[in-house]
Each structure stands twice: as C-alpha cells, then as structure tokens.
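Just below is one structure, and these are the notes that go with it.
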Amino acid sequence: MLLVGFLISGLFTLVIPFMLTPKVWLWAGILFMTRVGAATIEVMSESYFFKSVKEEATDVLSFFRNTNPVSYIIAPLCAIPILIFVPSFKYLFLVLGAVMFLGFFITLRLKDVR
C-alpha cells in the first residue's frame, strides 16, 4: 500500500505542470488524487514504523513524532532555491513529483513486517 501511495501521489503531482485547461472538476480530481496518495503514505508509514519499533524505544518514537513539524521548515527552505533559479512555479511540481518517485524506489527496499 505504501508503494501505491507513492505511485498515486507521484503520478498526479507530475501531471499538475502539464494541466493547461481551466476545468475546475479536472483540477479538483487531480488535487484530490494527490491527497489520496499522501494520506495513504501517511497511514502506511506510521503502520510500518509501529510494526518495526518496540514500545521500549521511546527516544525513537519521540524522534519520529518530531520529524513531521521539522518538515514544515525544511520543505520551504528546499523550495526557495528552486524558485530562485527556475523561471516558473510549475517546475516546483516536477521536482516534487521526482521526490515522490524517489520515495517509491526507497520503499521498494523495505522489508515486509507482518
């Protein structure tokens, strides 16, 4: 499911820069599918994490919980150079789609923890 989440989110994020038609229902569908992929990634990553970590590892758990707020600082800092050197805002979505596919390929290396 984690692979599917990255695939859905990556594909629909890569579609965004190529959307030239101003159809609200089409934009709503694409943005909805990116959120479906992101929600799947969030749920499956937490599921994988809690299956992999023992309950005694409170330091690992607190680190995992703190990484999400830190991403709200790191992501804009990473986007600033792209927006400075790239002439259009739409290329940011191409970079984000590439990052999603990077997550897809990293997920392929994970071991199943049933």
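No lab work stands behind these numbers, since they all come straight from the coordinates. What you see is a predicted model; the values in this text were computed from it and never measured. Neighbour counts run over all protein chains shown; Cβ positions are idealised from the backbone, glycine included.
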Legend entry - Condition check for Thr67: β-branched (Val, Ile, Thr) and over 19 Å from Leu7 (Cβ atoms): yes
Legend entry - Tabulated pairs, the stretch 65-88, first small (Gly, Ala, Ser), second surrounded by 10 or more Cβ atoms within 10 Å (Cβ to Cβ), C-beta under 8 angstrom, 6+ apart or interchain: Ala79/Leu92
